[in-house]
Amino acid sequence: MSDTLALAYPWVKSLHIMSVIAWMAGLFYLPRLFVYHVEQSNPGDSRDTVFQTMELKLLRVIMNPAMIATWVFGLLLLFTPGIVDWGSVWPYVKLTCVAAMTWFHHWLGRRRKEFLNGRNTRTGRQFRMMNEVPTILMVLIVISVVVKF
């Protein structure tokens, strides 16, 4: 198995990077959709329905598959011999940040359901602030993986 992973490494790494890009795009865009949803519609109006459709499609068609693919290819990289130095700090920082990003993904999913049920209590400003979470996590992940401290 480890020989296969070593041979497949460039492909797995490529697929992991593409999955991360798709997931991050959704993590950046969904909170922005929530901002517009809060500020430009009311529960039950036509815009509310359009925003709900956009949010659902983004989450289910792009973000969920991208998150799963990111985790699958990331775990394959994790088990590829010689890739991770467990004596360093960086793999633990990355894993912690990816877990936080996964939590944030699910937090967004719960917010979507609040919009669906007409129960959103958050403001556009709050969603704008939450939109910074994936950026901070991305910076920490990239620095930890590239610098390998």
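The numbers here are math on the coordinates, done by the rules we state, and not lab data. Quick caveat, the model's predicted, so the values are computed rather than measured. Methodologically, a virtual Cβ is constructed for each residue, glycine included, from the backbone with ideal geometry; neighbour enumeration extends over all protein chains shown.
The table for this structure:
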{"quantity": "Scan of the stretch 1-33 for residues that are over 15 Å from the mean Cα position of the chain (by Cα), under 20 Å from residue 94 (Cβ atoms) and among the polar types (S, T, N, Q), ordered by number", "calculated": "14"}
{"quantity": "Helices (runs of 4 or more DSSP H) (entirely within the stretch 38-149) containing at least 2 residues that are over 15 Å from residue 24 (Cβ atoms) and of a type in the set (S, T, N, Q)", "calculated": "46-57"}
{"quantity": "Any chance residue 9 is more than 17 Å from residue 108 (Cα to Cα), surrounded by 13 or more Cβ atoms within 10 Å (Cβ to Cβ) and of a type in the set (Phe, Trp, Tyr)", "calculated": "yes"}
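Residue-by-condition table, conditions (1) of a type in the set (Lys, Arg); (2) over 22 Å from residue 44 (Cα atoms); (3) in contact with a strand residue (DSSP E or B) (Cβ under 8 Å, 6 or more places away or on another chain); (4) surrounded by 15 or more Cβ atoms within 10 Å (Cβ to Cβ):
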position	(1), (2), (3), (4)
86	no, yes, no, no
89	no, yes, no, no
97	no, yes, no, yes
106	no, yes, no, no
112	yes, no, no, yes
117	no, no, no, no
120	no, no, no, yes
123	no, no, no, no
132	no, yes, no, no
